[in-house]
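Below is one structure, written out as C-alpha cells; comments come after it.
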Amino acid sequence: MKYPIKNIVYEKVKQSNTLTDSELSSLLSKEGIELDLSELNKILLDLEIYGLLRVSWIAKDKKRIEVVK
C-alpha cells in the first residue's frame, strides 16, 4: 500500500517538530521521493490550509515549517 505524499510530508515534519524546506526536501530525497519546489510548496500549502502545519519565511529563499499543536 502506498501512502499519499501529503501524509509522508506531514509525518516527516511531525517527527522533527520544526524543519526548513531544504531539510525537508533532503529527508524526502533520502526516502526516494523527488519533488520539485512547486510540488512541495503546493503540499505545504494544502497542509497549512488543513491546519496541520505552519509555514513562515525565515530568509528570502528559506521557509520554516512547524507542526501546529
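For the range 8-67, the set of residues classified as on the phi > 0 side of the Ramachandran plot and either in contact with a Pro (Cβ under 9 Å, 6 or more places away or on another chain) or among the polar types (S, T, N, Q) (or both) consists of Asn17 only. Scanning the range 21-64 for residues that are of a type outside the set (D, E, K, R), farther than 22 Å from Lys2 by Cβ and surrounded by 15 or more Cβ atoms within 10 Å (Cβ to Cβ) yields a single hit, Val55.
Out of Ser22, Ser26, one residue alone is touching a residue at least 24 places away in the same chain (Cβ under 8 Å), in a helix (DSSP H, G or I) and polar (S, T, N, Q). It is Ser22.
Scanning the range 1-20 for residues that are among the basic types (Lys, Arg) and surrounded by 11 or more Cβ atoms within 10 Å (Cβ to Cβ) returns Lys6, Lys12, Lys14.
Every condition in (1) outside any helix (DSSP H, G or I); (2) touching a residue at least 12 places away in the same chain (Cβ under 8 Å) holds for Lys2 except the one numbered (2). Would you call Lys63 in contact with a Phe, Trp or Tyr (Cβ under 9 Å, 6 or more places away or on another chain) and assigned to a strand (DSSP E or B)? The answer is yes for Lys63.
We did not get these values from a lab; they are worked out from the coordinates using the rules stated. As the structure is a prediction and not an experimental result, all values here were calculated from the model. Cβ coordinates were reconstructed from backbone atoms using ideal geometry, including for glycine residues, and neighbour counts include every protein chain displayed.
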